[in-house]
Amino acid sequence: MKIPTFVLASASPARRRLLENAGIQAVICPSEFDEGQIQMRDANKLVQVLAEGKAEAVAKFLLANSHPQIPNPKSCLVLGCDSILLIDGEIHGKPKDAEEAISRWQKMRGKVGELYTGHALIDTRFDDFGEARSRSIIRCQVTKVHFAEVTSRQIVAYVATGEPLACAGCFALEGKGGLFVEKIEGCHTNVIGLSLPLLRQMLTEMGYDVADFWQS
């Protein structure tokens, strides 16, 4: 079976690097999906709906438009992801500015948060976006993050680097933010942007062997 083109429906450099390091070369095609239209209090459902919306938006775009890196849009695997952090029962996405990021960290320090990442995988060879959605898989992975008792000076200095402003959890585990994380319970790549073990399981469920993507 010919391996389809793997498409990442995200502009996230962290997600792209995770895939590259895992041997999967992905075509980057950011979604224009409007996340603001989705309002839910259930973190698990929220990230899955957002991930599905992103993946569907890109899949539909590819099927209707040409792309220089995708010779056959009807032979693609489109991965959409979305992450949020749950602290004290409150859902947090990317902070809108430095002030919010500082306030967020003042609440996060010394606590345990739950990082939810929704994953939606669509196979364009089978998915017609009608009632029969046999080749779409949507999952969620949750990881517990234990934050250190960082000082106010460290919080201000960290936010000043700009790193937390680009992250749903207001920190980058693979960057400077990793200094402020005491412990991870669960999948660590999930905290970075996507769960590689979960992706492998989803590919297997779709009938693909992840090792085949190393040669594509």
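Listing for the model above:
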item: Heavy-atom accessible area order for Arg153, Arg17, Arg135, Arg41, largest first, 1.4 Å probe; result: Arg41, Arg153, Arg17, Arg135
item: GNM top mover of Asn44, Asn72, Asn21 - the chain, alpha-carbon springs below 10 Å; result: Asn21
item: Relative contact order of region 161-208, defined on C-alpha pairs under 8 angstrom at six or more residues apart (%); result: 20 percent
item: Relative pair counts by distance (%), Cα atoms of the chain, 5 Å bins; result: 1, 7, 15, 19, 19, 14, 11, 7, 5, 2, 0, 0
item: Listed residues Lys111, Lys176, Lys96, most fluctuating in the chain (Gaussian network, C-alpha, under 10 Å); result: Lys96
item: Contact order relative to length of the chain, as percent, for alpha carbon pairs under 8 angstrom and 6 or more apart; result: 22 percent
item: Dipole moment magnitude, nearest 20 debye, the chain about Cα centre, only Lys, Arg, Asp, Glu C-beta charged; result: 280 debye
item: Environment charge at Gln201 (Cβ cut-off 14 Å; Lys +1, Arg +1, Asp -1, Glu -1); result: 0
item: Accessible area per residue in Å² at 1.4 Å probe, computed on the chain; result: 50 Å²
item: Reach of Lys96 by Cα under 17 Å, taken over lysines that are not fewer than 8 positions away in the same chain; result: Lys107
item: Cα gyration tensor shape for region 40-147, rounded if a/c is under 1.5, else prolate or oblate; result: prolate
item: Percent carbon-and-sulfur accessible area, region 1-99, ignoring ligands, DNA and RNA, probe 1.4 Å; result: 47 percent
item: Region 39-125: relative contact order as a whole-number percent, Cα under 8 Å and 6+ apart; result: 45 percent
item: Area accessible to solvent at Thr5, 1.4 Å probe radius, in Å²; result: 40 Å²
item: For region 157-216 and region 76-110, distance of Cα centres in Å; result: 14 Å
item: Residue-count net charge about Trp214 - beta-carbon cut-off 14 Å; Lys, Arg +1, Asp, Glu -1; result: -2
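The values are calculated or read from the model by the stated rules, or taken from the named source; none is laboratory data. Small disclaimer: the values here were computed from a predicted structure and weren't measured. Backbone-built Cβ (ideal geometry, glycine too); neighbour counts: all protein chains shown. Accessible surface is based on the protein model in full, side chains and every heavy atom, while ligands, DNA and RNA are left aside. Shrake-Rupley method; radii C 1.70, N 1.55, O 1.52, S 1.80 Å.
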